[in-house]
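The structure appears below as structure tokens.
The values are calculated or read from the model by the stated rules, or taken from the named source; none is laboratory data. Everything numeric here is computed off the predicted structure, so don't read it as measured data. Note that we place each Cβ from the backbone using ideal geometry, even for glycine, and neighbour counts take in every protein chain shown. Just the protein is used for accessible areas: all its heavy atoms, side chains included, with ligands, DNA and RNA removed. Shrake-Rupley method; radii C 1.70, N 1.55, O 1.52, S 1.80 Å.
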Amino acid sequence: MASTGNDPELDALICRLHVETACRSGGALALRPRDVDAQQCLLLLRENGETERSQPVSPTLIRHLLAHAEERGDGDRNGQLLRYADGKPITERRYDYIFNRVQDELDWAKAMDVTAHWLRHTTLTWVERRFGIGVALAYAGHADSGSDLTTTYVKADITDVANALSALTGEPHPLAPA
């Protein structure tokens, strides 16, 4: 992925963003430079209408997102962060381009219908198997969204999510207990 296509750096950044955050494509497209908190290694993700969540990410992803914004952005901290090399904001069409290419290159990816949503599902499944349903719900941004027994009594906080992220990336996170 990071060695093919017309903008491998952008494609690798998008895929890493989805693997680390399990965000929806709309959350990635809505990401702005002002949503990046480099001190706490957090992104403010806005998904599904008015839903917002602070999502821990690795220091590596923070560095790459800030460099991307610096190199390709227009200086507007409220503008879209993810952009093409010419500075234009990406759209859903970039996702079509990335995942059609992945599926054309890898038979297993075609058989499994790999998309950004598949990356979300895979990350959340990994988190649930390693850290439990409460952490997976928080990681997905569903921690306070339901009224069933699971979401009422099984809670996780941002430190639990940061701990899971650290295990996923192999990098320490400022909000994860040492």
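A few points about this structure:
- Area of ASP86 that stays accessible when all protein chains are in place (1.4 Å probe, Å², to 10): 110
- For the chain, carbon and sulfur atoms together expose 51% of the accessible surface, with a 1.4 angstrom probe and every protein chain in place.
- A Cα-only calculation for the stretch 1-63 places Rg and Dmax at 11.9, 36 Å.
- Think of it as helices only: each DSSP H run of n ≥ 4 in the chain is worth -39500 (n - 2.57), and spread over all residues that comes to -15500 deg cm²/dmol at 222 nm.
- Loop GluC sites (Glu not before Pro), the stretch 1-94, which have at most 10 other Cβ atoms in a 10 Å radius of their Cβ (DSSP): GLU50
- In terms of its Cα atoms, the chain spans 48, 40, 33 Å along the principal axes, sorted from long to short.
- Built amide H within the under 5 Å cut-off of LEU42, gap 5+: ASP37, VAL57
- Magnitude of the charge dipole, the stretch 26-144, Cβ model with Lys/Arg +1 and Asp/Glu -1, debye to 20: 160
- Solvent-accessible surface of the stretch 1-154, taken per residue with a 1.4 Å probe and all protein chains present: 53 Å².
- Remark: spin-label model distance LEU106-LYS88 equals 2.8 nm, labels positioned 7 Å along the Cα→Cβ axis.
- Distances between placed amide hydrogens fall under 5 Å for ARG83 paired with ILE90, all partners being 5 or more residues away or on another chain.
- Accessible surface ranking that places the most exposed of TYR153, TYR97 first, with a 1.4 angstrom probe: TYR153, TYR97
- The chain, relative contact order in percent, only Cα pairs under 8 angstrom and at least six apart counted: 23
- Inter-probe distance in nm under a simple model that places probes 7 Å from Cα toward Cβ, at ARG34 and HIS117: 3.1
- Calculated log₁₀ intensity ratio I(q)/I(0) where the Debye formula runs over C-alpha points of the stretch 90-140, q = 0.14, 0.28, 0.29 Å⁻¹: -0.46, -0.92, -0.95
- Angle in degrees between helix 116-131 and the longest Cα principal axis of the chain, rounded to the nearest 10: 30
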